[in-house]
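The values are calculated or read from the model by the stated rules, or taken from the named source; none is laboratory data. Remember, it's a predicted structure, so these values are computed and weren't measured experimentally. Virtual Cβ from ideal backbone geometry, glycine too; neighbours counted across all protein chains shown.
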Amino acid sequence: MEHDRVRTRAWVLHPDLKSDRDRRDPGPALEEAVALAAALPDLDVIGSDVVRLAKAQPGHLFGSGKIEELDAKLKAADVELVLIDGPVTPVQQRNLEKAWKVKILDRTGLILEIFSDRARTREGVLQVEMAALSYQRTRLVRAWTHLERQRGGLGFVGGPGETQIEADRRAIDEQLVRLRRQLDKVVKTRELHRTARAKVPFPIVALVGYTNAGKSTLFNRLTGAEVMAKDMLFATLDPTMRRVQLPDGPEVILSDTVGFISDLPTELVAAFRATLEEVLAADLIVHVRDISHASTEEQAQDVEAILTSLGVDDSRARLEVWNKLDLLEEDPRAAMRTRADRDPDVFAISALTGEGLPALLAAVAEKLQGVRREERLHLAFSEGRKRAWLFEQDLVQSEEQTEDGFDITVLWTARQEAQFAAL
């Protein structure tokens with residue numbers, strides 16, 4: 001068929017290592033790996049397997065019998081690319097590519113591909129390029145051909161006899177320095193934006209969660225925005241922000257963030273620290289979970305671990321949202337609702353049908369009552385006591401004298417507003 005020619009035929013393997021302390025349940029892990037592969041538009045995943053291993057072989061990852069068995073399977077299916085859901089060393093990658101005559105991509109490589117396909121903002125693009133270069137740098141293995149290509153030296157080109165691999169490494173390091181400089185500039189600009197936003201009198205609510213938990217669907221539902229909400233891992237990479245007026249509550253800025261994932265490659269944890277800094281600026285964090293997923297508990301733990309590594313502590317206001325109720329049968333759905341009702345900070349909802357959203361929005365408004373917002377007041381000259389109180393409480397942002405009194409801009413909480421009204 002016509003479109004088969006442009007799409008790469010891929011096969012996904014999840015090595016299930018008995019010796020791995022952090023071993024994940026291989027079934028859901030393989031499903032997630034297949035979903036990751038499906039997130040790349042030009043891949044056609046035509047098959048997948050869990051490969052059980054007592055331990056990883058240093059040279060080829062798999063034992064020779066398993067390599068032959070898989071080779072027959074891959075040839076029969078005409079596979080061009082094998083995705084291995086886990087770490088693969090450069091040596092293992094080269095040996096497997098030789099044995100199977102296919103391209104090999106490990107989990108880090110695959111996630112990098114997805115990230116580069118999805119990054120939209122300048123910062124996102126730079127972060128991905130840097131992550132990809134750090135990854136490539138570790139992949140520079142001294143292949144035999146490189147040893148032939150000794151560089152003669154004029155002294156200033158890296159000295160006489162510099163090997164190709166060292167030259168490649170240096171080129172990558174120089175490129176990384178260049179990117180880091182550009183990134184620093186972008187991050188500074190963002191800090192300026194953030195400082196400007198901090199002056200914006202709206203609290204920030206950040207949606208976080210495991211990838212594909214339904215954050216973007218919820219975001220769209222609450223803001224009426226058409227953010228890309230596909231059933232796809234990592235559909236959102238760059239934080240998207242919208243203003244939302246809560247019913248009977250303050251106006252807020254809602255931020256949709258990149259989906260978290262377990263075993264996020266180390267290169268990418270650093271790369272996406274910046275994208276997730278929005279979370280650090282948030283007044284309220286809403287953790288969205290796909291409650292219909294078999295590994296929902298493990299996913300929640302992964303999200304908590306990443307939040308902790310970002311420096312988000314328990315003092316930050318949090319709500320937990322159990323999403324995708326619509327995918328559960330009636331009995332489990334009722335049970336989830338009952339369990340959620342027992343905890344004031346947990347809400348069972350369906351972002352798709354809108355079930356449970358009014359209660360969630362009311363809770364968001366309530367959590368933010370302590371958050372400051374800006375207001376302009378006009379006080380007559382005779383209201384000196386009220387004016388003095390505003391200054392005592394350090395609430396005044398600016399003040400202008402008019403013909404009949406003062407125009408004052410204050411930044412205050414609902415409680416301070418009530419105290420002021422009672423004066």
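The helices (runs of 4 or more DSSP H) found entirely in the stretch 51-140 that carry 3 or more residues being closer than 30 Å to R180 by Cβ are 90-100, 107-118, 122-139. Among the residues of the stretch 303-318, those identified as surrounded by fewer than 19 Cβ atoms within 10 Å (Cβ to Cβ), modelled with pLDDT under 90 and in a helix (DSSP H, G or I) are A305, T308, S309, L310.
Given the stretch 347-423, what helices (runs of 4 or more DSSP H) lie entirely inside it while holding 1 or more residues that are closer than 28 Å to G214 by Cβ and charged (D, E, K, R)?
Details: elements: 357-367, 384-392, 414-422.
Answer list for the stretch 347-423: 357-367.
Among what's in the stretch 243-263 and is under 16 Å from the mean Cα position of the chain (by Cα) and surrounded by fewer than 19 Cβ atoms within 10 Å (Cβ to Cβ), pick the residue that is modelled with the highest pLDDT. It comes out as S262. Is at least one residue of the stretch 163-170 of a type in the set (A, V, I, L, M, F, W, C) and modelled with pLDDT of 85 or more? Checked the stretch 163-170: no residue is of a type in the set (A, V, I, L, M, F, W, C) and modelled with pLDDT of 85 or more.
If you scan the stretch 285-302, which residues turn out to be crowded, with 20+ Cβ neighbours inside 10 Å, among the aliphatic types (A, V, I, L, M) and over 15 Å from the mean Cα position of the chain (by Cα)? The answer is I291, and nothing else. Taken as a whole, the structure leaves A362 outside the set of residues that are assigned by TED's automatic domain parsing to the domain that holds L319, in contact with a Lys or Arg (Cβ under 7 Å, 6 or more places away or on another chain) and either surrounded by 17 or more Cβ atoms within 10 Å (Cβ to Cβ) or in contact (Cβ under 8 Å) with a residue 60 or more places away in the chain (or both).
Conditions tested, residue by residue: (1) farther than 27 Å from S116 by Cα; (2) more than 24 Å from the chain's Cα centre (by Cα); (3) aromatic (F, W, Y).
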position: A35; (1), (2), (3): no, no, no
position: A38; (1), (2), (3): no, no, no
position: G47; (1), (2), (3): no, yes, no
position: K55; (1), (2), (3): yes, yes, no
position: D71; (1), (2), (3): yes, yes, no
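Only a single item in (1) surrounded by fewer than 17 Cβ atoms within 10 Å (Cβ to Cβ); (2) modelled with pLDDT under 95; (3) not β-branched (V, I, T) is not met by G47, and it is number (2).
Yes/no matrix, rows are residues, columns are (1) outside the structural domain of A213 (by TED's automatic domain parsing); (2) touching an Asp or Glu at 6+ places or on another chain (Cβ under 6 Å); (3) not small (G, A, S):
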| position | (1), (2), (3) |
| --- | --- |
| I306 | no, no, yes |
| D314 | no, no, yes |
| P332 | no, no, yes |
| V346 | no, yes, yes |
| G354 | no, no, no |
| L357 | no, no, yes |
| Q401 | yes, no, yes |
| R415 | yes, no, yes |
| A418 | yes, no, no |
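Of the residues making up the stretch 80-115, just one is surrounded by fewer than 17 Cβ atoms within 10 Å (Cβ to Cβ), in contact with a helix residue (DSSP H, G or I) (Cβ under 8 Å, 6 or more places away or on another chain) and either polar (S, T, N, Q) or within 27 Å of L276 (Cα to Cα) (or both), namely P87.
Please find, within the stretch 50-79, the residue that is surrounded by the fewest Cβ atoms within 10 Å (Cβ to Cβ) out of those that are under 17 Å from K101 (Cα atoms) and among the basic types (K, R). Of everything passing the filter in the stretch 50-79, K75 is surrounded by the fewest Cβ atoms within 10 Å (Cβ to Cβ).
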